[in-house]
Amino acid sequence: MKIKSVPNGPNMLETDETLTLKTDNGEKALKSPCYLCRCGHSKNKPLCDGSHLAAKFEAPGSEIQGVKKP
Ligand code: FES
């Protein structure tokens, strides 16, 4: 599993696990990688819809890497 904060963009979640988005409106399967809004401007939260570009969102990139325990 890896979570990468794209510079000036969303958080990218990448995994070989099955992803399911659960909201008040039901469940939806997601493909990996999926992009999660971190700018607060998406109209499709928690997913990124590209609105960070118009909002000129600025934030540095970073990465969290998961390692399976032996
Ligand atoms: S990070 Fe893309 S819409 Fe918020």
Which of (1) farther than 14 Å from residue 2 by Cα; (2) surrounded by 14 or more Cβ atoms within 10 Å (Cβ to Cβ); (3) away from the ligand (no atom under 15 Å from the Cβ) is the odd one out, the single condition residue 46 does not satisfy? (3)
List, please: which pairs have Cβ atoms under 8 Å, are six or more places apart or on different chains, and start with a residue in the stretch 37-54 that is free of Cβ contacts under 8 Å to residues at least 60 places away in the same chain and β-branched (Val, Ile, Thr) and end with one that is open to solvent by 30 Å² or more (accessible area, probe 1.4 Å) and more than 8 Å from the ligand (Cβ to nearest atom)? none
Over the stretch 19-46, the set of residues among the aliphatic types (A, V, I, L, M) and in contact with a Pro (Cβ under 8 Å, 6 or more places away or on another chain) is 21, 36
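One line per residue, one yes/no per condition, for (1) open to solvent by less than 70 Å² (accessible area, probe 1.4 Å); (2) more than 8 Å from the ligand (Cβ to nearest atom); (3) out of contact with any helix residue (DSSP H, G or I) (no Cβ under 6 Å at 6 or more places or on another chain):
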residue: 20; (1), (2), (3): no, yes, yes
residue: 25; (1), (2), (3): no, yes, yes
residue: 31; (1), (2), (3): no, yes, yes
residue: 37; (1), (2), (3): yes, no, yes
residue: 42; (1), (2), (3): yes, no, no
residue: 54; (1), (2), (3): no, yes, yes
residue: 60; (1), (2), (3): no, yes, yes
residue: 66; (1), (2), (3): yes, yes, yes
residue: 69; (1), (2), (3): no, yes, yes
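The values are calculated or read from the model by the stated rules, or taken from the named source; none is laboratory data. Everything numeric in this text was worked out from a predicted model, so none of it was measured. Every residue, glycine among them, receives a Cβ derived from its backbone with ideal geometry; neighbour counts consider all protein chains shown. Remember, those area values only see protein heavy atoms, side chains included, never the ligands or the DNA or RNA. Shrake-Rupley method; radii C 1.70, N 1.55, O 1.52, S 1.80 Å.
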